[in-house]
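For reference, the structure discussed in these notes is given below.
Read-outs throughout are calculated quantities, based only on the coordinates presented, and are distinct from any laboratory measurement. Owing to the predicted nature of the structure, the values given are computational and were not obtained by experimental measurement. Note that we place each Cβ from the backbone using ideal geometry, even for glycine, and neighbour counts take in every protein chain shown.
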Amino acid sequence: MAIALVTGASRGIGKATALQLAGEGYTVAVNYHRNIKAATDVIRTIVDAGGKAFAVRADISDEAQVLAMFESLDREGEPLTALVNNAGILFEQSTIENLSAERINRVLATNVTGYFLCCREAVKRMSHKHGGQGGAIVNVSSAASRLGAPGEYVDYAASKGAVDSLTTGLALEVAAQGIRVNCVRPGLIYTDIHASGGEPGRVDRVKSLLPMQRGGQPEEVAQAIAWLLSDKASYVTGSFLELAGGK
Ligand code: NAP
């Protein structure tokens, strides 16, 4: 059928999205950075359920690795029609006065440059302008782009602000080329990312502050992503879907 590339698909929201898209008939390219065991487990789950998937290792902040990843997709013999820009990082909770340039640059390199590079390569393959059959891109931003994440990770929030602008700009650039570009903004979702911020139990600590008073599951985000990629969303582009329990 067609390939869907999901970056950061070894764990969390990316993993749930890979499983969802495989169930809908895509051949899923499961991108990961370091955790080959987790990526292999995702592939096994998909194949055991009768689906198709393969792993592609690449650090999305590294241009050469992104190019090599897309070239490996080209050799699969199926068109790339869906990209989920999902891989993202954050570091220990901190105020701005304690942020180093090195940390800020690392966050931006993955969460912003990585998204740009994957969009660029996907557009080259999907666009009618380049002989492609069209496609859809979903960028995974965050409610943090609206809320700013004060005292925790404003660098991360700012990177997601850039993802929002990328979504708007790219959606307009390629709207007439057969490519839709949309964005999801999850809030507090139960994944490993909160441990990276130094607080694995963060969702349970702050969930009572949400209107819905609970955290979200990765599968709830995955279903929204899958809908935005699907023909059911055929007239939707440049849109932002909030998945944040009402906040
Ligand atoms: P997660 O559980 O920490 O998983 C992160 C994934 O990204 C892993 O598959 C990891 O691969 C991959 N990754 C990290 N750096 C990478 C790189 N440089 N190149 C390629 N892959 C890389 O994260 P998550 O919570 O599912 O987050 C997924 C996305 O949702 C992120 O963009 C995040 O900002 C966004 N988000 C999450 C929440 C939340 O509450 N969880 C809320 C809003 C937005 P390895 O397994 O190989 O390390």
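Key figures for this structure:
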quantity: Hits in region 185-217 - residues which are aliphatic (A, V, I, L, M) and either crowded, with 16+ Cβ neighbours inside 10 Å or within 18 Å of LEU19 (Cα to Cα) (or both); calculated: LEU188, ILE189, ILE193, VAL203, LEU210
quantity: Selection from region 218-235 of residues that are loosely packed, with under 15 Cβ neighbours inside 10 Å and without any contact (Cβ under 8 Å) to a residue 60 or more places away in the chain; calculated: ASP231, LYS232, SER234, TYR235
quantity: Residues (in a helix (DSSP H, G or I), under 21 Å from the mean Cα position of the chain (by Cα) and over 24 Å from ARG120 (Cβ atoms)) located in region 66-103; calculated: ARG103
quantity: Among the residues listed as LYS247, LYS129, LYS160, the single one being in a helix (DSSP H, G or I) and over 19 Å from the mean Cα position of the chain (by Cα); calculated: LYS129
quantity: The one condition in (1) away from the ligand (no atom under 15 Å from the Cβ); (2) part of a helix (DSSP H, G or I) that GLY50 fails to fulfil; calculated: (2)
quantity: Condition met for ALA38 (assigned to a helix (DSSP H, G or I), surrounded by fewer than 20 Cβ atoms within 10 Å (Cβ to Cβ) and not aromatic (Phe, Trp, Tyr)); calculated: yes
quantity: Residues (part of a loop (DSSP other than H, G, I, E, B), under 17 Å from the mean Cα position of the chain (by Cα) and under 21 Å from ASN139 (Cβ atoms)) located in region 1-35; calculated: THR7, GLY8, ALA9, SER10, ARG11, TYR26, HIS33
quantity: Condition broken by SER141, with the remaining ones in (1) near the ligand (Cβ under 9 Å from one of its atoms); (2) over 18 Å from LEU5 (Cα atoms) satisfied; calculated: (2)
quantity: Hey, ILE36 of a type in the set (A, V, I, L, M, F, W, C) and away from the ligand (no atom under 12 Å from the Cβ) or not; calculated: no
quantity: Selection count, region 64-82, where residues are touching a Ser or Thr at 6+ places or on another chain (Cβ under 8 Å) and within 13 Å of the ligand (Cβ to nearest atom); calculated: 0
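Let's see how each residue does on (1) crowded, with 17+ Cβ neighbours inside 10 Å; (2) touching a strand residue (DSSP E or B) at 6+ places or on another chain (Cβ under 8 Å); (3) within 26 Å of LEU90 (Cβ to Cβ); (4) not β-branched (Val, Ile, Thr):
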position: TYR32; (1), (2), (3), (4): yes, yes, yes, yes
position: THR45; (1), (2), (3), (4): no, no, no, no
position: ASP48; (1), (2), (3), (4): no, no, no, yes
position: ASP59; (1), (2), (3), (4): yes, no, yes, yes
position: GLU63; (1), (2), (3), (4): no, no, yes, yes
position: SER72; (1), (2), (3), (4): no, yes, no, yes
